[in-house]
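The values are calculated or read from the model by the stated rules, or taken from the named source; none is laboratory data. Owing to the predicted nature of the structure, the values given are computational and were not obtained by experimental measurement. Every residue, glycine as well, gets a Cβ built from its backbone with ideal geometry; the counts of neighbours run over all protein chains shown.
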């Protein structure tokens, strides 16, 4: 049987076409709508959040919907890729601001306020903005309120798996 001088090159081309055509690797880029699963932990291993066991988180890359470090970490990932990143506090929830921690008299709290550590309550700042503060300490006469995000000042470690890009 005669050998065709085109058999091998065509075979290679077919294989390359199948590999290239069958590869659905999409990359997350600015403006992409992505779905990710993630687990967030602190340096001591404490897990503070996870999407595992639920729906993936969906967001638009670069739209400012998430903390900057997380958004940046997803850029360039391909579907199916998993990576672990450490996001410094400056690219997460920023540094703690001790001016956002206030001690007040229990008697000055609105009537009916649940006074226990961990309770969150709406607050109005002196500049007129509103926000949320957590009760972090309670004594017989005072309550300490902290309006910092509970992850402020923390470097965050995320394991991120890109599920989908559209």
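Would you call residue 59 farther than 18 Å from residue 90 by Cα, under 13 Å from the mean Cα position of the chain (by Cα), surrounded by 14 or more Cβ atoms within 10 Å (Cβ to Cβ) and modelled with pLDDT of 95 or more? Spelling it out, residue 59 is indeed farther than 18 Å from residue 90 by Cα, under 13 Å from the mean Cα position of the chain (by Cα), surrounded by 14 or more Cβ atoms within 10 Å (Cβ to Cβ) and modelled with pLDDT of 95 or more. Scanning the stretch 81-92 for any residue that is at pLDDT 95 or above, in contact with a strand residue (DSSP E or B) (Cβ under 6 Å, 6 or more places away or on another chain) and outside any strand (DSSP E or B) turns up at least one such residue. The residues listed here are 64, 54, 11, 22; of these, the one that is modelled with pLDDT of 95 or more and farther than 24 Å from residue 152 by Cβ is 54.
Restricting the stretch 111-142 to residues that are part of a strand (DSSP E or B) and touching a helix residue (DSSP H, G or I) at 6+ places or on another chain (Cβ under 9 Å), which is surrounded by the most Cβ atoms within 10 Å (Cβ to Cβ)?
Only one residue fits best here, namely 133.
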